[in-house]
Amino acid sequence: MVKSYAPPLVLLVILAILAAVIFTVGPQQEGADIPPVTVTDGVFLIVIGIAAGVLGGIIGTGGCSVMLPAIHFWMGYPAATAVGTTLFAVIFTAISGGYGHFVRRNLDVRATLWLGGWGVLGVLLGSYLFTLLSGQATLLGLILGLAFLWPAIRMSWEGFRKAGMPQREGNTIPEHKPGWATFGFFIGLLTGIVGLGGGYALVPGLIYLFGAPVYITMGTSLATMIPLAVVGGGIKLAQGYVAVGAGLLLAAGTVVGAQVGAAIIKKFKAKTLKLIFGLYFLYVAVKFITNYFGIEIW
């Protein structure tokens with residue numbers, strides 16, 4: 001009985017922490033170039049957060065790939081602030097979704113510790129490189145566009161193909177500590193630079209490089225993102241690249257959405273969802289890349 005009440009309880013705790021932070025921090029000085037959050041914007045941010053959380057809970061990503069372009073292109077947040085704000089929001093997504101998978105035994109603890117531990121080192125280096133790029137908005141946009149190409153191609157391909165992802169059995173990932181360490185560091189490096197959380201690369205990497213069972217991969221990916229998001233999001237918060245109000249509203253939505261995604265993962269056929277979001281990410285990648293060359297597309 002305790003186990004069945006654990007996810008709702010942790011959800012309430014996380015939401016309580018969010019509320020406490022909102023009242024403690026209050027309206028943040030988010031910079032003159034960051035638009036104020038209106039009531040309509042607040043609702044939109046929560047809806048985007050819920051969609052990102054559900055997607056993350058189902059396919060093992062933190063939802064940055066949904067949130068980042070939404071607040072950058074549709075709400076006018078600068079690229080650097082969009083990176084920092086969404087990575088900050090993913091802290092709560094990863095905790096909520098990762099815990100949801102943990103109580104359902106959908107993750108490998110050993111692999112999570114190795115990937116997350118070495119990933120933190122990568123985040124530290126990536127965060128330093130991010131500071132060098134933050135003042136070059138067009139170049140950062142190009143890097144983001146190239147980063148979005150990977151999830152766009154992967155998810156579109158998996159959505160179109162007749163065969164699904166390899167359906168391996170078991171509750172653990174075949175051990176390969178040097179490989180986990182190297183892969184985790186690389187994911188952390190990308191997280192620090194582009195702020196996408198790493199789930200878009202963690203999921204296919206664990207499955208195709210390490211032979212991980214699919215459902216174990218989803219939970220392991222989200223749990224690995226917890227230390228990466230905490231460190232990366234914390235650094236960007238300290239550096240002033242986080243719009244705290246918007247980030248907390250996104251986080252509130254993702255906390256709820258991630259629990260839903262984790263609960264329905266084994267009942268949901270993700271193929272159609274992957275195709276839809278794969279095509280969406282392809283659009284986002286093209287938009288970022290063409291902006292670099294001075295070409296505006298809607």
How do Ser134, Ser65 line up, fewest other C-beta atoms within 10 Å first? Ser134, Ser65
Can you put Arg104, Arg161 in order of Cβ neighbours within 10 angstrom, beginning with the fewest? Arg161, Arg104
Could you line up Tyr128, Tyr283 from fewest to most neighbouring Cβ atoms inside 10 Å? Tyr128, Tyr283
Projected label distance in nm at Ala238 and Val47, using a 7 Å step from Cα toward the beta-carbon: 3.7
Can you give me the distance in nm between label points at Lys177 and Thr290, each placed 7 Å from the Cα along the Cα-to-Cβ direction? 5.0
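What ranking do 172-180, 47-55, 225-233 get when scored by the average of other Cβ atoms within 10 Å per residue, highest first?
The densest-packed peptide leads the list: 225-233, 47-55, 172-180.
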Amide H contacts under 5 Å for Ala212, restricted to residues at least 5 apart in sequence or on another chain and with H modeled in the peptide plane, are Ile207
Using only the alpha carbon atoms of the stretch 36-292, find the Kirkwood hydrodynamic radius as the inverse mean reciprocal pair distance, in angstroms to one decimal. 17.5
Taking the Cα centre as origin and putting +1 on Lys and Arg beta-carbons and -1 on Asp and Glu beta-carbons, what dipole magnitude results for the stretch 36-292, to the nearest 20 debye? 640
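Coordinate-derived values only; no laboratory data. Worth saying up front: this structure is predicted, and the values here are computed from it rather than measured. Virtual Cβ from ideal backbone geometry, glycine too; neighbours counted across all protein chains shown.
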